[in-house]
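Undergrad: The following block contains the structure, expressed as structure tokens.
Readers should treat all values here as calculations from the given coordinates under stated rules, not as data from a laboratory. Predicted, not measured: the structure shown is a model, and the values here were computed from it. Every residue, glycine among them, receives a Cβ derived from its backbone with ideal geometry; neighbour counts consider all protein chains shown.
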Amino acid sequence: MKTIKQIFLLILVYLLGMLTFYLFSRTTYTGMTATPEMVRCLSYYRIPFYFSENQRQVFFSRKRLDQVNTFCS
């Protein structure tokens, strides 16, 4: 009986971990081409961003998309 409880608990912890990973790994970022003007504008307005691996795109939160379109168009 104790073994069945341990297996059930292990499965439950595994499923909760998978659910947590799914909820936090959904993409909430959008990207644009990393021109010098775009990087300068994002830095000037202190909009948090990061570069792609090849540094050809900048990514920022979708919540900031309206702000980027307003200031950096």
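Undergrad: Give me the three principal axis extents of region 33-73 from the C-alpha atoms, as integers in angstrom, largest value leading.
TA: On the principal axes, region 33-73 reaches 26, 19, 15 Å in Cα extent.
Undergrad: Place +1 on the Cβ of every Lys and Arg and -1 on the Cβ of every Asp and Glu in the chain, take the dipole about the Cα centre, and give the residue among 69, 13, 58 whose Cα lies farthest towards its positive end.
TA: 13
Undergrad: Let me ask something additional. Calculate for the chain the 222 nm mean residue ellipticity that helices alone would give, adding -39,500 (n - 2.57) per DSSP H run of length 4 or more and normalising by residue count, nearest 500 deg cm²/dmol. Numbers along the way, then the final one.
TA: Working: 3 runs with 40 residues, N = 73.
-17500 deg cm²/dmol, from helical runs alone.
Undergrad: OK, next. Once you wrap a convex hull around the alpha carbon atoms of the chain, what is its projected area averaged over all directions, in nm²? Numbers along the way, then the final one.
TA: On the way: hull surface 26.2 nm².
Computing the convex hull of the Cα atoms and averaging its projections yields 6.5 nm².
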